[in-house]
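Below is one structure, written out as structure tokens, with a few remarks after it.
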Amino acid sequence: QIIAGPGWDLVSNACIRSGFKLPNFKRPYGTSHWKHQIRLKGRVYAALAQIALRQAGVEIRTNNEVVGVFRTEFGWRLAGGGRTVEAKQIVDCTGNASVAALCGALRERDEDNCQPGSFAYVIDPGCDLKALDPEKLNAALDVAIAEGKVLATDCLGRPPYLYLDKRKMSNHIPGADNSTVPLAEKANQLGIESMNRMLAFFRAQPGLEKARVVWKAKETGVRETYRIIGDETVTELDYFAGLRYPGAVAYSFYPIDIHTDAGVVPRQLLPGVVPTVPFGCMLPKGTENVLVAGRAVSSDRAANSALRVQATCMAEGQAAGVAAALAARRSMTPREISVEDICEVLRSL
């Protein structure tokens, strides 16, 4: 089990309240690892999360962006959105380690070969799919790609007929980056353009003239940008071997999952291999009283392609949150908190 406690309660309750069932986690699916994914409605999860956070005394500021971080006698002062926040500890879960960088943390990234992002949306075909000829639809897509009306990255993994049948589009948005506001806006624009090309393609096909977009994501999903340089670094070799780090505070489970413009072929873990996440990969070198959880933990590119998925990010967040709370209460730095103390609290959740 990757997470427990409040995080698992939120996920499982959101799944049930969304009208879905939890998958059978005891059943191994081999290379079909996606069958263990939990279906839920994002708005249901968000509502439950906000209720739980407010009940716990958390002040939520979703429309603020941190633009400055300053050292104080008691810890940190964060500025942004016309307001300031005083804090003893900072846990950066931005995905880009952007706040940690303002604190002096060192970051790295693979500039020459950044993984593409994806833009999710759903198209209603507006017709009975049984009346369509899948082979003709596939051939029409090949022609549209050859003529430049559709990019090969706009439609990946399945023939177009199956996209309509499954009601979920799959694509790659090359160069998708959200580490700055202008780059995020560009990634979102590219995602919308990809969607519009596919919608125009479908509407140009006989029988699909009434096709329409019935749902789209708020933004393009980004797979990788910056990673911190931490006290420890999770490597592909150690991850794939399932190394049990002495300072492990979380489990992971996902295959090596590096995406390219042409698609993705996951490198599956061997049966029984369960990777771990060391506390040191959340501690940025050159900083004190700062932790990083999520996609930006210290790791090489291959290991990061597995660590970036939601369950592992949540487990890292739980561990980082516990460490920050213990450090604040004891007037210590996170590096001074023992892994045994962190794990003891995690097990009690």
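The values are calculated or read from the model by the stated rules, or taken from the named source; none is laboratory data. None of the values given here were measured: they were computed from a predicted structure. Heads up, the Cβs are rebuilt from the backbone with ideal geometry, glycines too, and the neighbour counts pull from every protein chain shown. For the accessible areas, the whole protein counts, side chains as well, though only heavy atoms, and no ligand, DNA or RNA atoms are used. Shrake-Rupley method; radii C 1.70, N 1.55, O 1.52, S 1.80 Å.
List of remarks:
- Scoring 176-182, 261-267, 285-291 by mean Cβ neighbours within 10 Å over their residues and listing the highest first yields 285-291, 176-182, 261-267.
- Fraction in percent of alpha-carbon pairs per bin - 20 Å, the chain: 26, 56, 17, 1
- With a cut-off of 20 Å on the backbone N, the residues of the range 163-199 near the modelled label site 7 Å out from Asn63 along Cα-Cβ are 181-182, 185.
- Added length on full extension, which subtracts the Cα-Cα distance from 0.36 nm per residue, Gln55 to Ala139: 24.7 nm
- Table column - 3J(HN,Hα) (Hz), the range 221-234, Karplus curve with 6.51, -1.76, 1.60, x for Gly and Pro: x, 10, 8, 7, 9, 8, 10, 6, 9, x, 4, 10, 10, 7
- Accessible area of Trp8 in the full protein assembly, 1.4 Å probe (Å², nearest 10): 70 Å²
- Under a model in which nothing but the beta-carbon of Lys, Arg (+1) and Asp, Glu (-1) is charged, the range 131-178 shows a dipole of about 200 debye around its Cα centre.
- Kirkwood radius and radius of gyration were both taken over the C-alpha atoms of the range 89-236, and their ratio Rg/Rh is 1.10.
- Paramagnetic reach from Leu349 in the range 1-16 [backbone N under 14 Å; point 7 Å along Cα→Cβ]: 1-12
- Charge dipole (debye, nearest 20) of the range 259-349; +1 at Cβ of Lys and Arg, -1 at Cβ of Asp and Glu: 120 debye
- Once both labels are positioned 7 Å from their Cα atoms along Cα-to-Cβ, the gap between Lys26 and Glu111 label points is 5.3 nm.
- Dipole magnitude for the range 49-160: about 640 debye, using +1 per Lys or Arg Cβ and -1 per Asp or Glu Cβ, origin at the Cα centre.
- Here the Karplus relation 6.51 cos²θ - 1.76 cosθ + 1.60, evaluated at θ = phi - 60°, turns the backbone of the range 167-184 into coupling constants of 6, 8, 8, 10, 8, 10, 10, x, x, 4, 9, 10, 6, 9, 4, x, 5, 5 Hz, with x for every Gly and Pro.
- Seen against the Cα atoms of the chain and their longest principal axis, helix 310-330 is set at about 20 degrees.
- Extension gain (nm, one decimal) between Arg77 and Asp165, 0.36 nm per residue minus Cα-Cα: 26.6 nm
- The angle separating the long axis of helix 339-348 from the principal Cα axis of greatest extent in the chain is about 60 degrees.
- Cα-Cα pairs of the range 219-342 separated by more than 26 Å (percent): 20 percent
- Kirkwood-based shape ratio for the range 119-166, expressed as Rg/Rh from alpha carbons: 0.95
- Across the range 119-129, rounded Karplus estimates of 3J(HN,Hα) from the backbone phi angles (6.51 cos²θ - 1.76 cosθ + 1.60, θ = phi - 60°) give 10, 8, 7, 10, 10, 8, x, x, 7, 7, 4 Hz, Gly and Pro being marked x.
- Average Cα contact separation per residue, the chain, under 8 Å, 6 or more apart, as relative contact order %: 19 percent
- Considering only alpha-carbon pairs that sit under 8 angstrom and 6 or more positions apart, the relative contact order computed for the range 223-349 is 31 percent.
- Unit Cα scatterers, Debye sum, the range 191-246: log10 I(q)/I(0) for q = 0.15, 0.17, 0.18, 0.24 Å⁻¹: -0.65, -0.71, -0.74, -1.03
- Computed over the range 29-153: relative contact order in percent, which uses C-alpha pairs under 8 Å that are six or more apart: 10 percent
- The chain: angle of helix 5-17 to the longest principal axis, Cα-based, in degrees nearest 10: 20 degrees
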